[in-house]
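Here is the structure we will look at.
Coordinate-derived values only; no laboratory data. Computed from a predicted model, the values in this text were never measured in an experiment. Here the Cβ is made from the backbone with ideal geometry for all residues, glycine too, and neighbour counts use every protein chain on show.
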Amino acid sequence: MDRRDFLKTGLLAGASFAVPGIYGSYFAKSSKVFVSNYDLVAIKNGEPEVMFDKGIEQLGGMKSFVKKNQKVLVKPNIGWDVIPERGGNTNPKLVKRIIEHCFDAGAKEVYVFDHTCDDWRRSYASSGIERAVKDAGGKIVSGDTENYYQDVTITGAKVLTKEKVHELVLESDVFINVPILKSHSSTRLTVSMKNLMGVVWDRGYWHRNNLHQCIADYGMFKKKPTLNVVDAYYVMKQNGPRGVSLNDIALMKSQIISSDMVSADAAAAKLFGLEPDTVSYIKIADSMGLGKKDLSSLNIKRLIL
Amino acid sequence: MSGSLLRKIRIFVSMLFIVPTTFLLIDIYGIIPPDISNKILFLQFIPSVLKYITVFSVTASGFIAVLLITLLFGRVYCSSICPLGVMQDVINWISGKIKRKKKRTFDFLREQKILRFVLLVLPIAFFLFGSSFALNLLDPYSLYGRFSGNFLRPLLVGANNLAAYFFELLRIYAVYPYSLKEFNHWPFLITVLFFAFVAVMAWKKGRLYCNTVCPVGTLLGYLSKLSLFKILINHEDCLSCGICAKECKASCIDSENKTVDMTRCVLCFDCIPSCPTEGITFGNSFREIRKGNYAQTEIQVDNSKRDFLTKASVYFLSFSAIAAQVKKKIVVTKPSTIPVFRKNAVSPPGSVSIDRFNGRCTACHLCVSSCPTQVLQPSFLEYGFLGMLQPRMDNITSFCNFECKICADVCPTGAILPIDLEKKKLTQIGKAKFVKDNCIVQTQKTDCGACSEHCPTKAVRMIAFEGALLIPEVRDDYCIGCGACEYACPTIPYKAIYIEGNRSHQIAKKNTELKKQEVINTEEDFPF
C-alpha cells in the first residue's frame with residue numbers, strides 16, 4: 001500500500017466511522033447476483049428509452065440489479081467528438097433513461113465516464129451525454145487522467161494479467177455497461193467487451209499484444225458488468241468505430257440487454273449481420289468460459305414493439 | 001487632475017488589461033470563448049499590426065487606436081495595456097519591497113539611441129524578408145505570452161491538480177486533474193533565459209527593457225514626442241532637487257536640465273505626487289509651452305552604457321551552435337532498418353504554408369494554451385532556427401481534433417488565419433506515411449488498426465492481409481494530416497505511421513465513396 005492509498009483508505013475509513021452507512025457501500029464491492037427467467041432480452045422498433053423501459057421490465061425492473069443506497073457506474077461509449085445521429089457514441093436518451101431507472105430503484109449516486117479517443121471535454125459535450133447525465137441527476141466524471149486509474153491484476157487472463165482501471169469501476173456496487181453497436185476497423189465489431197477498453201488507461205498495450213486476446217482477457221477481471229445494454233438504434237455499418245458521415249449509419253432501432261457480455265455480443269453480431277465466430281474475441285471469450293456465444297442455448301425474450 | 005489620482009487610474013487600467021490577458025494565456029479550462037479573447041487582445045500592438053496586414057479588417061485595427069491614444073497622451077500602451085510592461089512594474093515593485101533598507105531609487109540614464117533604432121529596424125527588416133524571428137524575440141506581448149504559458153500555466157495546473165486530488169479523496173469529481181502532456185525543455189529553457197533578461201533589468205532599472213530593447217516602446221516613444229499631453233517641468237517651480245528623477249522607473253527625467261525625455265516616459269505618473277513644489281505636471285504641452293514656462297530639450301546621446309546589452313544579445317547567437325547539434329528528425333523505423341526523416345514540421349490548419357506561418361507568428365503561444373488536445377506545442381528547431389518557439393503540430397503528444405479550429409479563432413496575429421470549419425476539415429496540413437515494417441500486423445501477425453480507428457476521413461483504411469488479418473493503407477487524397485493515426489499508433493519505440501508536413505497546405509478530396517445504408521425494416525424478426 002503506497003502513501004496515496006493509505007491516505008485515501010484512511011480518510012474514507014475515518015469518514016465511514018464518523019458517518020455510518022454513508023461510506024459503508026464502499027466496502028461492499030461484490031456485485032449483486034440476479035435471478036431472472038431470461039438470459040437475454042432483445043427489443044426492436046422503438047425509441048431507445050422506450051425499448052429500455054420494456055426490456056428491463058422483462059428482467060424484473062432495475063430493482064433486480066440496483067439496491068437502495070448503492071453506488072452505480074454507467075459506462076457508455078463516449079469515444080468521439082460526434083453528434084448522436086452519427087452513431088459514434090451511445091445514444092444519450094438511453095443513457096439518461098438508465099440513470100433515471102437507477103435512481104428510481106434507490107441508487108445513491110450514479111456516475112458516468114469514458115476514457116475517450118477524441119478530446120474528452122468535446123466528446124462529452126457533442127455526444128449529448130454530459131447534458132443527459134446532468135439532467136438525470138447523475139455525475140459525469142473525467143476518464144482522461146491517469147490519477148483516477150489504479151493497478152489491478154486479472155486472474156485467468158492469458159496476456160493481459162495487469163491493468164490500470166478507473167477507480168469508479170472498482171468502487172461501484174453496480175456496473176452497467178452501455179455500449180453502442182458499431183463496425184470496427186481493428187476488431188470487425190465493437191459491442192460490450194470492446195466497450196470496456198474505455199475503463200482502462202493503456203489501450204496501446206492491448207493493441208501491441210494481441211488485441212483480441214486482451215479484450216477477452218479483460219472480461220475475466222472480477223469487476224464484471226452487472227448488466228450490458230447494447231444500443232443498436234443508430235448502427236454504424238461501415239467506417240467504424242469513428243465513422244465518416246451519416247451515410248455510415250443504418251437506423252436499426254434495436255437494443256439487447258443481458259448480464260452475459262459474450263451472449264450480448266454474439267446477439268449483436270447477428271443483428272449486425274456477422275456470424276459471432278468471425279469476431280475473434282467473442283470466440284476466445286467463449287472458450288475461456290467468460291460467457292456463452294451459442295444463442296440457441298439461451299432463454300431469449302424477443303420483443304418487437 | 002492630481003498626480004496621485006492619475007497614478008491610481010493607471011494602476012486600475014493596468015489591472016483591467018493584465019488580469020484577463022493573463023488568464024486567457026493560461027486558461028486550461030477553455031472558459032474564454034474566441035470572440036472574447038479577440039476583444040481582450042484587441043489593443044495588443046504587434047499582433048494587431050500583423051493581423052491588419054493580413055486580413056485588413058476593423059477587428060484588427062487595435063494598433064490604430066493605440067497610435068491615436070499615443071498622439072493624445074503618450075505611451076499609455078506601455079504604461080497599462082502592454083502585459084510585459086505591467087509585469088516589469090510588478091517585478092520592480094517587489095524588488096522595492098525586498099530592498100527595504102533604502103527606498104528604491106532610480107537615476108536619470110542617457111538614452112541608448114542607436115541601440116533603440118537598431119532594435120526597431122531589425123524586426124522590420126526581418127519581417128520584410130519574410131521572417132517574424134526578430135519580432136518573435138522582441139515583441140513584448142508575445143514575450144509575456146510565453147512567460148505566462150511556460151511559468152504561470154504550470155502553476156495553475158499544479159494548484160488545480162492539488163485541489164482535484166483532495167476532492168478525489170472525497171469522491172468529488174467536479175474538479176478534475178489537468179495533465180500537461182508535454183514538456184518541451186529547449187523552448188522552456190529559452191523562455192527562462194528571456195525571462196531572466198527582462199526580469200533582471202526590471203528588478204534593477206525599472207523599465208529599461210521598454211526604453212532600450214522594445215521596438216514597440218521605441219516606436220511609440222518617438223511618436224509620443226508629438227503627443228498633445230505630456231509630462232512637463234515648470235522651470236520656475238522646479239528646484240532641480242532630483243526627487244522626481246529618483247521616482248522615475250523609466251529613468252527619463254533629467255532634473256538638472258529640467259527636461260523629460262518623452263520618448264522614454266511610460267506615463268506611470270509616479271513623479272507628479274513626489275514633487276514638493278508641484279513643479280512637474282501632466283498637461284497640454286502645446287498650450288503650456290507657448291506660455292514659456294516649460295522647455296523641451298533634446299538629450300545628448302551617450303553610447304557608453306550600451307555594453308551590457310550587446311553582451312546580453314550574444315546569447316541569441318549562441319543558439320546557432322545548439323542548432324547545429326539537433327537534427328529535425330524522428331526515427332520511424334526499427335533500429336534495424338534505415339531511419340526515416342520527417343522533412344517538414346506540421347503547421348496548424350489556417351496557416352496556409354510553413355513559410356507564411358514562419359513569417360507571421362510571433363510565438364505568443366496563445367494557441368498552445370487554447371488547444372484542447374495540446375497537439376500544438378512550441379517548437380525548438382523543427383521549423384529551423386528562425387522559426388524557433390513557433391508552435392507546431394506535435395503528433396507524438398496528441399492530434400488535431402477534427403471538429404476544432406480554436407487556434408485559428410484565437411490567433412491574434414493572423415499567422416493562423418480564421419478558417420471555416422468545413423474548409424478546415426479538408427485542409428491537408430500533411431500526409432500520413434505508413435512504415436509497414438514497424439506495423440504490428442506485419443511484425444506480430446495480430447490485428448491492430450488503431451490508426452484507422454482514429455482516422456476521421458478514413459484516409460487510413462484497413463485492407464486484406466495474410467489470412468483474416470487486415471493491414472492499414474493510406475490514401476493521400478483523403479488525408480488531412482491531423483495526426484490521429486500517428487498518435488494512436490501503439491508501436492514502440494518508433495511509430496509505424498507518421499505525418500509528413502506539407503510545406504504548402506493543400507485541399508484534400510472529400511471521401512464520397514461511402515454508400516448510403518439501405519433502409520431496414522425494423523418490424524422484421526430477429527436474426528437469432
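Here are a few things to note about the model shown:
- Mean per-residue shielding of peptide A:181-187 is 5, counting Cβ atoms of other chains within 10 Å of each Cβ.
- Partner lysines for B:K436 [C-alpha distance under 22 Å; skip if fewer than 8 residues away on the same chain]: B:K329, B:K334, B:K343, B:K445, B:K458, B:K495
- Distance distribution note for the protein assembly as shown: the fraction of Cα pairs above 52 angstrom is 28%.
- Highest-first arrangement of B:132-138, B:20-26, B:454-460, where packing means the average Cβ count within 10 Å: B:454-460, B:132-138, B:20-26
- A Förster distance of 30 Å, applied to the separation of the beta-carbon atoms of A:L274 and A:V50, puts the FRET efficiency at 0.65.
- Panel order for A:F52, B:F385, B:F282, by other beta carbons found within 10 Å of each beta carbon, from fewest to most: B:F385, B:F282, A:F52.
- Each principal axis of the range B:460-523 carries a Cα extent, and these read 51, 34, 19 Å when sorted largest first.
- In chain B, helices alone account for a calculated mean residue ellipticity at 222 nm of -12000 deg cm²/dmol, with every DSSP H run of four or more residues adding -39,500 (n - 2.57).
- Residues whose amide H comes within less than 5 Å of that of A:D114, counting only those at least five positions distant or on another chain, are A:G143 (H built at 1.01 Å from N in the peptide plane).
- √(5λ) per eigenvalue of the Cα gyration tensor, chain B, largest first, Å: 54, 23, 21
- Spatially proximal lysines relative to B:K8 (Cα-Cα < 18 Å; intrachain offsets below 8 disregarded): B:K230, B:K249
- Couplings 3J(HN,Hα) for the range B:378-383, derived from phi with the Karplus relation 6.51 cos²θ - 1.76 cosθ + 1.60 (θ = phi - 60°), are x, 8, 10, 10, 4, 8 Hz, where x marks Gly and Pro.
- Our summary gives chain B a relative contact order of 16 percent, counting only alpha carbon pairs under 8 angstrom and 6 or more residues apart.
- Sorted by Cβ neighbour density within 10 Å, fewest at the top, the residues A:F175, B:F399: A:F175, B:F399
- Across the range B:326-507, the mean sequence separation of Cα contacts (distance under 8 Å, 6 or more residues apart), normalised by length, yields a relative contact order of 27 percent.
- Rg of the Cα atoms in the range A:33-304, relative to 2.2 N^0.38 Å, amounts to 0.90.
- Remark on A:L40: its backbone amide H falls under 5 Å from those of A:N299, A:K301, a criterion applied only to residues 5 or more positions apart or on other chains, H modelled at 1.01 Å from N.
- Whether the range B:95-184 is rounded, prolate or oblate, judged on the alpha carbon gyration tensor where a/c under 1.5 counts as rounded: oblate
- Classification of the range A:32-108 by its C-alpha gyration tensor yields an oblate form. The axis ratio a/c (a ≥ b ≥ c) is 1.5 or more, and b/c is at least a/b.
- Residue mean of other protein chain beta carbons inside 10 Å, B:372-382: 1
- Calculated from backbone phi, Karplus (6.51, -1.76, 1.60) coupling profile of the range A:144-152 in Hz, x at Gly/Pro: 9, 10, 4, 3, 7, 9, 10, 5, 9
- Qualifying GluC sites (Glu not before Pro) for the range B:242-282 [loop in DSSP, other Cβ within 10 Å: at most 13]: B:E256, B:E278
- Counts of other chain beta carbons within 10 angstrom of each beta carbon in peptide A:245-255 average 4.
- The listed peptides B:219-230, A:64-75, ordered by packing as a protection proxy, come out as A:64-75, B:219-230 (highest mean of other Cβ atoms within 10 Å first).
- Long-range amide H partners of B:V460 with built H, under 5 Å: B:R475
- Put simply, the range B:326-507 fits an ellipsoid with semi-axes of 29, 18, 12 Å; these come from the alpha carbon gyration tensor as the roots of five times its eigenvalues, largest first.
- For the protein assembly as shown, the antiparallel share of DSSP beta bridges with both residues in that region comes to about 70%.
- Estimated vicinal HN-Hα couplings, Hz - the range B:214-220 in sequence order (Karplus 6.51, -1.76, 1.60; Gly, Pro = x): 5, x, 5, x, 5, 4, 5
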